[in-house]
Amino acid sequence: MRRENPNIVEAKCYHCGESCEDERIRFEEKDFCCQGCKLVYEVLSENDLCNYYQIEEFPGESQKAKSARANRFDYLNDPEIEQKLLDFKNETETHYTFHIPLIHCASCIWLLENLNHINQGVISSRVDFVKKKVQIRISNDRLSLKELVVLLSSLGYEPRINLSDLGKKERPKADKKTINRLAVAGFCFGNMMLFSLPEYFSERELLDENFQSVFNYLNVLLSLPIVFYAAVDYYNSAWNSLKRKKINMDVPIVMGIIALFLYSLWEIFIHQEAGYMDSLGGLLFFLLLGKIYQQKTFATLEFDRDYKAYFPVSVTRFKKDTEEVIPLTKVSVGDILLVRDEELIPADCILLDNQCYIDYSFVTGEEVPVKISKGELIYAGGRLKGDQVKMTVQKSPSQGYLTDLWNNDSFEKSKDSGLVPLSNKISAVFTRSVLSIAFAALIFWSFTDFGIGVKAFVSVLIVACPCALAMSTPFTLGNTLRIFGRNRLYLKNAGVIERMAESDTFVFDKTGTLTDTAKASIQYHGEELSIQSRRILKSMVEYSTHPLSNRINQWLGPIEKFGLDSIEEKRGKGLEARFLGQQFRLGSEEFTEKVIGKESLKGNLVCFTVEDILIGYFEIQSGLRKEAESVVEELSQECEIHLLSGDHSHERKKLKEKLPGISEFHFNQSPKDKLNHMGELKTHGSKSIMVGDGLNDAGALQESYVGIALTDEISHFSPASDGILDARSFGIIPQFLAFSRSTKNVIKASFALSFIYNIVGISFAVQGLLSPVFCAILMPLSSISVVLFTTLSTNVIAWKQGLFKIKSN
Amino acid sequence: MEVIFLLIAISLVLAVSFLLLFFRANKGGQFDDNHTPAIRILFDNEHKQKVKKDQPKKT
């Protein structure tokens, strides 16, 4: 039905939907792009699970790039690892929860929940789509952990197991508690409103005196859970801030709660009046609602990763000439490890084989792989390029060069300390003025009637309760957080927005942030290169350390060199070599005296000539992200921009031309240097936003005012940071900044709005005219109007900035 | 009119039991995932017993 005629429509893989250009496998009248995809289909069709393909079109993931090493899950046989991964175990069954980043559609849920039809050892499985987790129950005698993981990965759903998972699993359940508090407040508030309703309509005369007092006592009863359970967090927070001799937003709130509660008790028990218990209930209900709104978290993201999340869980160790796969935690100094192509080096090691290439881009930002010879030290965090090699461990994984960074002090302290949010600054002023107005009213009235004086004093405290004030920040920031989230910038908490708004300096990492390594490509135009010319080229570029030479070297691949007669490098221009009496030149247009005539590519062309005859030229695409230029230009109008790079300074000139907005360039920066640079900025008083990607930026991200980790795949690893930005949204960084700044204005405007309410309320209160009805109308009205105002205005601003989207995609 | 006292008592007991049920549901994780069940309910429940078919299903 979907593909009536495969000859007309381009053949697409039945499993993953990728076009079958390179390879086309026909199986049961269906096309597959690779053996892996076909294999998954076979497993499914054998077990009569082809429904998988009917729920969504092309539900699978391409199986092309999968590593097929059979023994890579061997470490799961280790009982210690098993113990750490399981949730529950008894004699017959074991429960596991796996994180599977590939869960993306309804078909995934269906298949993973039907695992028991493929393997009888699975008792049941349940998917949490949002968290991308699956909980599986298996029976102990039929299936082992390793077999289960092998089964999952054979279906294309390989679980992600990393070292930090093996640590403590439990996450704090603080949000559940807040929801319970909200439920209690809502329950009490609703019931109190029912009992207070007669009061509002002056219907009390119609009712018995008995009813009146019963309703009042019921209100007292219902207020107890509010005061002693729902509001507890506010007491703690206010007390903590008073202990530090500071006034935060919760101090006036607690003052209001206490005043409302005690005054109502006094009214109800002494005067047989109605009291303000319903207003108290409403106050707490709205406050907690705002708190939950602000607490919105991105459950699937982890912001506090350390190096453990990057390192492999298992390594292959040689012991008495046999390979064994062991968990990384069991590696000790002196072990001989076998590392394969594209694998991460887990600890500082010494190479035992002749030579290898290590890609340190993750650690240092240097793009070009480094050659390591026998006996040299390889730092942990590097990635092996090429054939497998053996190495012997020098330092345990937790003490390597890279992990050393985590011992820096900046990882100890939390960023939020020492920062005063806008709302706290205002609340200090607010509390002082409310208290002085209240005392002024007390003194004024006590000349005539002390009773009214006390009433006015308490009334001011009650009505000035900063409900609306306290709600403007959480609702504005909460909504901003959601809008950012829809635009693929995920912030750790709402406080980051305020910090973003204040920052004046942007610091970018180069490799992987401003540039995209995947984009850097190299193309050759001209006569086809013979094997001999390739070998000559290889010998020439190997001589030079220029980045373009390195790129060409990579493009040439592993071929053998010639011994050249002579070679000379003209710095910044090109290479000149002699071989068998012929002159070879490789370099810029000026150097080779040739004109290709592609103006736009100037500086990225490398011509190859033999005896002054042009053979061909290399076209090297700069790896700069396509939005980088506009982002830097827009930001440079408001901020200072620095660039930090672990790379050599060879690209300085080119970058300066392309990105004129950058005021400072720093090259050859080690991860520690980057951290120190951010520290210097801090001591000079600038508030900096660091945008980085790799582990090498981890220190700088931590030390900066706001650290944003850029990642191509949100569910993949990113260093500990305040926010995670999807690389697709790189181009709208200026809009994010502008939006966070307008957010601050929205907060200020809503403060102004709630001040107006307070002035109205207080003007009644000082005259001693406050009544429960007045309170019951004014308080919810002010809260709701502030919430409406903040939500609407943030949405309007988002729409103006082009950030307003209904749904993220 | 005195019956209202009784009604109030009943209504409060009822409301409190709903609150307790909510606590239980919250603790049991019923509100942890509010996306997957919405998809899950649309799956066909019937699953054929493991009978190997010669012909693969047509799409």
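The mean of 1/r over all pairs of different alpha-carbon atoms in the range A:693-793, once inverted, gives a Kirkwood hydrodynamic radius of 17.3 Å. The separation of the range A:95-154 from the range A:486-543, counted between C-alpha centres, amounts to 37 Å.
Here's how it looks for residue A:710: its modeled amide H is under 5 Å from those of A:692, A:693, A:725, which are all 5 or more places away or on a different chain. Mean partner shielding of peptide A:94-106, defined as the number of other chain Cβ atoms within 10 Å of each residue Cβ, is 1.
Rounded to the nearest 20, the size of the Cβ-charge dipole of the range A:77-169 about its Cα centre is 340 debye, with Lys and Arg at +1 and Asp and Glu at -1. Peptide packing for A:323-329, A:81-87, A:504-510 was compared via the average number of neighbouring C-beta atoms within 10 Å per residue; ordered from the highest value, the list is A:504-510, A:323-329, A:81-87. Beyond 24 Å in Cα-Cα separation lie the following of the pairs A:425/A:455; A:395/A:561; A:132/A:687; A:89/A:146; A:319/A:390; A:594/A:656: A:425/A:455; A:395/A:561; A:132/A:687; A:594/A:656.
Highest mean packing first, where packing is the average number of other Cβ atoms within 10 Å per residue, the peptides A:586-595, A:276-285 line up as A:276-285, A:586-595. For the range A:208-230, backbone nitrogen atoms closer than 17 Å to the point 7 Å from residue A:265 Cα along Cα-to-C-beta are found at A:216-230. With semi-axes defined as the square roots of five times the eigenvalues of the C-alpha gyration tensor, the equivalent ellipsoid of the range A:70-161 measures 20, 14, 13 Å, largest first. Packing here is the average count of other Cβ atoms within 10 Å per residue, and on that basis the peptides A:473-486, A:32-45, A:93-106, B:6-19, highest first, run A:473-486, A:32-45, A:93-106, B:6-19.
For peptide B:29-39, the mean count of partner chain Cβ atoms within 10 Å of a residue's Cβ comes to 4. In terms of surrounding Cβ atoms within a 10 Å radius of their Cβ, A:153, A:433, A:472, A:125 rank from fewest to most as A:433, A:153, A:125, A:472. Rounded to 0.05, the FRET efficiency of the residue A:532 and residue A:353 pair, given R0 = 35 Å and the Cβ-Cβ distance, is 0.75. Compared with the direct C-alpha span, the chain from residue A:525 to residue A:273 gains 81.5 nm at full extension, assuming 0.36 nm per residue. Dipole magnitude for the range A:522-620: computed about the Cα centre from +1 point charges on Lys and Arg Cβ and -1 point charges on Asp and Glu Cβ, it is near 260 debye. Mean partner shielding of peptide A:179-187, defined as the number of other chain Cβ atoms within 10 Å of each residue Cβ, is 3.
The numbers here are math on the coordinates, done by the rules we state, and not lab data. None of these values were measured; they are calculated from a predicted model. Positions of Cβ are generated from backbone atoms using ideal geometry, with glycine treated the same way; all protein chains shown enter the neighbour counts.
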